[in-house]
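**Q** Quick one: this structure, given as structure tokens, is what I'll be asking you about.
The values are calculated or read from the model by the stated rules, or taken from the named source; none is laboratory data. This one's a predicted model, so the numbers in the text were calculated from it and none came from an experiment. Note: ideal-geometry Cβ built from the backbone for every residue, glycine included; neighbour counts use all protein chains shown.
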Amino acid sequence: MVTLLNIVVVEDHDSFRESIVETLSAQGHLVVGVDCAEALPELDNIHMDLMIIDLNLPGEDGVSLARRMRVAQPGIGIVMLTARMRLIDKVTGYENGADIYLTKPISLDELSAAIQSLARRIKSAYIVSSTLSLDTLHLRLIGPLSAINLTKQESMLLSAFVLAQDRKLETWQLIQVLGKSEEDYHKSALELIIVRLRKKMIEAGSSPKPIQAIREFGYQLCEHVQLL
């Protein structure tokens with residue numbers, strides 16, 4: 001069974017980056033590709049489980065990026081991809097945050113297998129440390145930090161995310177969950193509910209970005225939530 005992740009690929013070779021994104025997306029992962037570290041601020045609304053980082057990047061190099069991301073997000077998975085094959089380079093990679101260090105050329109099958117192995121560790125630790133419980137009867141979200149009262153609409157949306165395939169829902173589906181129609185319900189009203197729900201999830205003890213927007217699609221729940 002494939003463990004699905006939110007993955008960011010930082011690789012300046014366009015065709016190779018696109019091949020990685022296409023391959024991993026076909027396996028069900030949510031994958032975004034950028035060509036340099038300086039493009040990452042554009043992805044601030046995306047929760048990242050794992051990063052694939054080329055070391056020879058324009059601007060900030062891959063070692064520096066990995067070291068910075070390891071400090072900012074200790075639980076993130078980091079796969080380094082590089083043509084650097086010397087032992088000292090591998091040691092440097094692991095010392096600066098790499099979970100897995102792979103040398104080019106590499107087959108996409110090997111990369112996928114390495115990611116899946118790492119994914120099991122990431123998700124196991126993630127679920128144990130941050131599981132939330134939703135009490136739909138009493139409209140309560142229970143987490144490691146506190147129990148938070150939800151509105152009926154917030155509870156309905158969170159329940160729908162939990163039950164959805166890959167925990168993703170399109171905007172029109174979310175509007176329907178609320179008992180509204182696209183014709184008479186403005187998307188900004190939905191966005192406001194999502195913002196408030198995110199805030200309450202964080203207060204309960206979730207990750208910093210428990211629900212992420214997916215451009216021209218809708219939203220995805222990025223947190224394990226148990227229905228009571």
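**Q** When the residues of region 210-228 are filtered to those that are within 17 Å of LEU141 (Cβ to Cβ) and of a type in the set (Val, Ile, Thr), which remaining residue is nearest to the chain's Cα centre (by Cα)?
**A** ILE211
**Q** Only one of GLY75, GLY59 is in contact (Cβ under 8 Å) with a residue 12 or more places away in the chain, at positive phi and either among the charged types (D, E, K, R) or in a loop (DSSP other than H, G, I, E, B) (or both). Can you tell me which?
**A** Values: GLY75 fails: at positive phi.
Within the list GLY75, GLY59, the selection yields GLY59.
**Q** Looking at region 85-96, can you tell me whether even one residue there is under 17 Å from ILE20 (Cβ atoms) and either over 15 Å from the mean Cα position of the chain (by Cα) or not assigned by TED's automatic domain parsing to the domain that holds LEU221 (or both)? Lay out the reasoning, then the answer.
**A** Let us first name the residues in region 85-96 that are under 17 Å from ILE20 (Cβ atoms), namely none.
No, region 85-96 contains no residue that is under 17 Å from ILE20 (Cβ atoms) and either over 15 Å from the mean Cα position of the chain (by Cα) or not assigned by TED's automatic domain parsing to the domain that holds LEU221 (or both).
**Q** Still on this structure, please answer the following. So, in region 104-121, exactly how many residues are within 13 Å of ILE20 (Cβ to Cβ), of a type in the set (Gly, Ala, Ser) and crowded, with 17+ Cβ neighbours inside 10 Å?
**A** 2
**Q** Any residue at all in region 57-78 that's of a type in the set (Asp, Glu), assigned by TED's automatic domain parsing to the domain that holds ALA26 and closer than 17 Å to LEU40 by Cβ?
**A** Looking only at region 57-78, we keep the residues that are of a type in the set (Asp, Glu), and these are 60-61.
If we keep only those that are assigned by TED's automatic domain parsing to the domain that holds ALA26 too, we end up with 60-61.
Cutting the leftovers down to closer than 17 Å to LEU40 by Cβ gives us 60-61.
Looking for residues that are of a type in the set (Asp, Glu), assigned by TED's automatic domain parsing to the domain that holds ALA26 and closer than 17 Å to LEU40 by Cβ, one finds at least one in region 57-78, hence yes.
**Q** Here's a follow-up. Do we have TYR101 as among the aromatic types (Phe, Trp, Tyr) and crowded, with 17+ Cβ neighbours inside 10 Å here? Lay out the reasoning, then the answer.
**A** Numbers: among the aromatic types (Phe, Trp, Tyr): yes; crowded, with 17+ Cβ neighbours inside 10 Å: yes.
Criteria met by TYR101.
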